[in-house]
1. For chain B, what is the mean residue ellipticity at 222 nm derived from helices alone (per DSSP H run of n ≥ 4: -39500 (n - 2.57); sum divided by total residues; nearest 500 deg cm²/dmol)?
2. Return, ordered by residue number, the residues of the range B:300-315 whose backbone nitrogen is under 16 Å from a label point located 7 Å along Cα→Cβ of residue B:264.
3. How crowded by other chains is B:111-117, given as the mean number of beta carbons from other chains within 10 Å of each beta carbon?
4. What residues of the range A:4-36 lose no less than 50 Å² of accessible area with every protein chain in place versus their chain by itself (probe 1.4 Å, heavy atoms only)?
5. So for B:489, A:195, what's the accessible-area order with a 1.4 Å probe, most first?
6. Work out from phi, with θ = phi - 60° and the Karplus expression 6.51 cos²θ - 1.76 cosθ + 1.60, the ³J(HN,Hα) of each residue of the range B:113-119, listed in order in whole Hz, and give x for Gly and Pro.
7. Add -39500 (n - 2.57) for each DSSP H run of 4 or more in chain D, then divide by its residues: what number comes out at 222 nm, to the nearest 500 deg cm²/dmol?
8. Only residues of the range D:51-90 count here: report those whose backbone N is under 19 Å from the spot 7 Å along Cα→Cβ of residue D:167, or say none.
Amino acid sequence: EDRMALYEPFGEIPVPSEPYRIGVILKTFNNDYFIDLRNGFQDAADRYGVEVEFFAAPGETDLLVQKQLMEDMLVRQFDLIAINPSSTTNLLEPAARATEMGIPLINVNDAYISPEDQEENNIEIISFISTDWAEQMRNHVRYCAEKLGPKGGKIAHIMGFPGSTAATLRLQGYEEELANYPQLESVAVIPADWDRRKAMDVAADMIQAHPEIDCLSASNDNMALGAIEALRNADRLDNVIVMGCDGIPDAVRAIQSGELSATVAFMQYENGYNSIEAAILHLEGKGNLIPKTLFGPQEIWDKSNIDDKVENYGRYYSGMAALNK
Amino acid sequence: MLDAIISAKNIHKHYAGTHALSDVDFEIRSGEIVGLIGENGAGKSTLMRIICGIEHPSTGTLTVRGKPTEFSGPHAAQADGIAMIPQEVLLVDELTVVENIFLGHEISGATGLSKAKMRSAAQEILDELDCTHIAPTQLTGSLPKGSQQMVAIARRVMQGGAIFVMDEPTSSLTGSETEALFRLLRKLKARGKSSVFISHRLEEMLEICDRIVVLRDGKLVGDFPNDGLLTKDVLVSSMVGSDMADEFSRKISEKGDVILEAKNIAVRTFQGRKTPTISFKARSGEVVGITGLAGVGKTELAHVLSGLREPVSGDICLHGKVTKLTSPVTALKNKIGLVSDDRRSEGLVLGMAALANMTFTSLRKYLGLLGVNRKAEHAMGLSMTKKLSMKPEYLARDANLLSGGNQQKVVIIRQLCSESEVLLMDEPTKGIDIGAKSEVYQLVGNLVAEGKTAVLFSSEPQEILGVCDTIFVLTDRSFFGPYARGDLDYAKLMAIEFGTVDTESMTKETINEYQ
Amino acid sequence: MSTAQLHTQSSSGSFASDIMHLMGQTLRQSWGLIVALIALVVIFSLTSPYFLNIFVFDRILTNASFTLIMATGMTLVIATGGIDVSVGATLALTSVVAATLMSLGLHWIPAASIGLILGAAIGATNGSIISYLRLQPFIVTLAMLSLARGLTLIISNGSPVRSISDGFSSAFKGDMVMVIGFSILILTMIVIHRTRIGIHLRGIGGSEPTSFICGIPVNLMRVGVYSVQGALAVLAGYTLTASFNAAEPTAGLSTEWLEALAAPIIGGNTMAGGRIRLFGTLMGCLLLATMRSGLNISGVPVAWQQIAIGLIIVSAVAIDVFTQRKKRD
Amino acid sequence: MNINKVMAVLTRRNMQLLPVIILLAIVMTLLTDSFMSTQNIINLGNRISINLIIAAGMTLLITSGGIDLSVGSTAGLSATVAAIYFQSGFSDIAGPYGAILFGLGIGAAVGFVNGILVAFMGLPAFIATLGTMLAVRGLVFIWSGGRTIMGFDQSYIDTFSGFTMGVPRAVIAAVMTVLVASYILNRTVTGRLLQGLGGNERCLHTAGIRITSLKLGAYIMMGTLAGLAGLTLSASMSAAEPFAGSWFELDAIAVVVMGGTLLAGGRGTLMGTTLGAILLGLVANSINLLGISAYYHTFVVGAMIMIAIIIGSPVISGARGRAH
Ligand SMILES: Nc1ncnc2c1ncn2[C@@H]1O[C@H](COP(=O)(O)OP(=O)(O)OP(=O)(O)O)[C@@H](O)[C@H]1O
Ligand SMILES: Nc1ncnc2c1ncn2[C@@H]1O[C@H](COP(=O)(O)OP(=O)(O)OP(=O)(O)O)[C@@H](O)[C@H]1O
Ligand SMILES: [Mg+2]
Ligand SMILES: [Mg+2]
């Protein structure tokens, strides 16, 4: 079956000369975002006839476990390994070892092994296939500024697990972009550890402390949905703009029902899919076609465009197909 | 007169709600053995804890070798050569005997601990105490209580000093162990060391002490030189405040049907030896006594009869029916209750109030509409404390804050108020003062008169001879009995226990009588 | 055993015979775990062709050594009847502090020493609060966990601290983990068996009142043990920092300290205290590391791995409990 | 005098946190306008209740000398099971009650397994429940496929997150749990035996008490309450997250111990536990309301717990007692 082009950065992909074995190490499997990423890998592998095997640590903060996991995978003689590191540093050692063993690496999403680190540690990474995390929260701030108009208003940020790469970079983007909008005042930044229930409590406290709040920016959809519960309990659903990130099915449904204002979708499925394509290109000796960094598109989905998005992308995102009906 | 090494003046000690000691003067002179007696809760242990720096007096002064002193802790007192063997044996179960003996005083050589040296030194001191059966490398927790007491004594002696305070060491010791201890005390005395010795066995006190001091209700009420004229009666009346009738008297009742029967039971003792087969019958209305030297397997027999362990062979019959007691639960269901000989680890929940300890097996009796009826529960507690001359305020106190004897009373009360038909009592009067002892016997007598049965496991000959209707003697080689009350006297009992009578004929006699 | 026998045994009791005795005892205590470990190796060799491989064994040993560093300290802590749940947080905090100092231009030796002192100080604080205020170890170290974790975030601002110097890396990286882990284990074994410290620690765990009466400085010993545990957490953190080439503020959050706690218990040390079985702790670390690598290499998905690890932890302890119980009967 | 009486109550072991709570509440009322608002009180109640449901059970369990580290995973499992129930359309047959039954049932089942491991096989509770914690988390991953499941019926959500007479249902559930637990602990034979069990297991065994079934019962009770907490959680979120409930066990144990229950067993107080849960919720609420910077959160929570336990330590509160 042909792929419907969402985003095809590489053009035509050659037919693999052999059924390559590709290992994929994800951070974890415990939320929809990672499952989408995984599905992207799986679909592409099925389409091009290569083999993938998935591994993940139990939790996002299991840095050491993920490192040990990768070390163990090195003995399994994969043709290529795609890594989705929990932090910018935890996989440096096994990655160096992989390079030494001649196993090519692709860095997908989340933490990024920077060129300096690659050089210093003798790591060769074919490509960083990801999204600009900071940009996602910049989008939040811009969206909020646009909705509130010139008179501006008050905004607060519900942060992910402090110390995790995504949470840190997103907070950075949020703070940097705010500097450009003096009419927006950030009244609180509180972590809720990616946890829906914690986000609900945090949001409840935010609207208590700052009843005049206009806008809540949550570092992911899960927490945005928690915030919505808090707003519902406080009867404030109608006059607070809530923004999430990831575009998971629950969030899409909440946008359709008008509870969630917007989410930043960044095509995690595509990142997985493109990684397999890049892998095949590389293994077929066409590595020159792959850029060192490939940031996929990101889009703001809100009430105005959500139905189109579901129709176009629904079949690629787990759980979203059901939303069509 | 000899010099006082330590003298305590005007000692007061208050605890929340109690006056444990009031205005006590006490001194220990060099080279003497002082006896300290008093009823349970009189304050003996408290006084000794203060002298040994484990507790501070509320008011009062300590003078050590003429110098006023305030001990900052037990180590300070130890540095002055004063230390005690507490009433509740304090050993670390998880350590071996050597490690316990040298705890805090280990010997080190060039390459670290001198384990061999310590081992042989420990062996020496154990030999001196006649404890050849204790291996120094054994885990202390696996030893019987009596042997643990001997290890505690060995440790105390090993650590040396000028004053040896021993709080009721003999309550868990047997005759021969006690003798070994007395030999040691005399040896220490000959070296000019002093000892303080606490016991409820007044005969012992008269035997070993140079001077006997009596405490009652926290006050010092007597100080008698043991000049050979001192008698037990004088001590008792000073202790209790009045004269006492025969301590072993109890109601004697008609014997009824056989309730419990042991048929050819053999058990394994903790040393791994198998006992001879044991058969006896216990009728309602009867107090059966089972006696014998330490380590012959009395406790194990009690355990078998209460479902705590399985016999090597033989059966238990209840009301004529063979019954398998697989656990204490089945025993309780069959109305068999055990007063364990180890109150701290088996008898009590130390962190729980005394009243709760008394009632937890019979709590269902006090269930009301809103759950446990605390008033009814408390009323029962009050009536029992009255019977055993305990103070009512003890009921609310945590068990571990009670004096040793009162703890033992709590254990007995639990069995008395549960509805057991068969009461197995393993050394039940350990550490109980003489007055309370006779109260326990009377209570047992009353219970038996109601048609229940009591089996008393005891190594105290006086108790066995004075209280029991029927007596059996367990030895390494055979199980002797039954002997009716009066059949045995002290000399004959000893002869059987030590195997110095013609056991052939005794055994025959026994079998004939039994069938 | 007769007295005579005992005497001959003790008179020949030299250092060497002590060791023989110790080894015999250790084998008797831990054969269940040894069998379990061998069984695991056999099973994994059968399920994956990649398992029997020098590289894999090297990894297993390294991973086990990492856990061993903290588990050794934990063995001592639980011997006193205590527990320390703050080790993971101490590990992260001290690594971040040392790395920050290095990034400010301090040479790695003083930087690492300051981190080490800080870790020992955190442990000493734990120990002092537990001892002198008579509080329960679990809750004190739990509060410490939050405090240290919070400080870590404040200092690092949530990002990994880079600029780890080469000297630091080479001192703590790669095979150094094994060297550090096993040196600590052997050193601790010697101290525990050749000095009074081991007896005193077990004494405190077995019966604190007894130890107190015997003049053991109970409180001081406890402060000491928690300080050692703190310092060991620092060393473990340094090996992690060296291998990441950065101090991660989220290091040591869950699996690291949970395994450091599980390993001694799998190895037959009891939470109630009174026991020190360092060889058992080592076996516990090896079992956990073998399990993890074996499951990874056999391609078992993470969810099933969780289940398998749970089951294996439980069965390892069950085997131990049953073999011990049989011996007692 | 009256003052003395009040002081006596406040320094009692299970009440030691009350002064801290009152102080914090007063400070917060003075510092912020929003603290004393109805909505904030309701939020606080909701936040505390889930922790309290687990902590109440944990109080009984710890009192009996046990511990359960698997409660967080179990809560996640029960939420997942309830969600799957609605997803598979069973609600047409049995309505929301089926989900509640399944959720509590699976909790009880995990408790049963723990009980078997601890009571019958004699494994140390800490390690046995650590094992089930991992295994149950694995089950949650497998059954949920790692994704958040939605689609709860409104009737289910209302059962747990509505209001009865102005009081949130979650709070009612927590209060009921605490009351029942308190009744069991203080007024029933079972409660007395649980205390005894934690104090000296061997004594109860010797006395002929069926300790295995007692322990088993305690673990089943704990599992069921973890299930209830999971259901409450999923209803409040209208979703079951696979990672929901992680670290619930640490919060619950912290609260229980802060309240003055001995981790070694033998003595427990539900009043203390309740105050502990209130304090923990209050601290989190306070730092959020005060807008303390994100990175200081963990630190402040730790500092507050440390201060609370130090003030309540026997040495410090005991010294106060002696001065009177
Ligand atoms: N820590 C404590 N708190 C409160 N009361 C205590 C404490 N220790 C002892 N007591 C009380 O002090 C009194 C004296 O106790 P002590 O142990 O000295 O008695 P004793 O003479 O040794 O009795 P026994 O013969 O039974 O051992 C008792 O009423 C006891 O309950
Ligand atoms: N395996 C064992 N481990 C530890 N203690 C044991 C063991 N077996 C028995 N004991 C304890 O050893 C003590 C002595 O037991 P035994 O029955 O051999 O002697 P006894 O006749 O009851 O003598 P005693 O008069 O000293 O009680 C008892 O307290 C018993 O509980
Ligand atoms: Mg006493
Ligand atoms: Mg006995």
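The values are calculated or read from the model by the stated rules, or taken from the named source; none is laboratory data. Bear in mind the structure is a predicted one, so any value in this text is a computation, not a measurement. Glycine also receives a Cβ, built like all others from the backbone with ideal geometry; neighbour counts cover every protein chain displayed. Heads up: the accessible areas ignore ligands, DNA and RNA and are worked out on the full protein's heavy atoms, side chains in. Shrake-Rupley method; radii C 1.70, N 1.55, O 1.52, S 1.80 Å.
1. -10000 deg cm²/dmol
2. Those under the cut-off are B:311-315.
3. Mean number of neighbouring Cβ atoms from other chains: 6.
4. A:30, A:32
5. Listed by decreasing accessible area, they come as B:489, A:195.
6. Listing the rounded values in order: 3, 8, 5, 4, 4, 5, 4 Hz.
7. Estimated from H runs of four or more residues: -24500 deg cm²/dmol.
8. D:51-57
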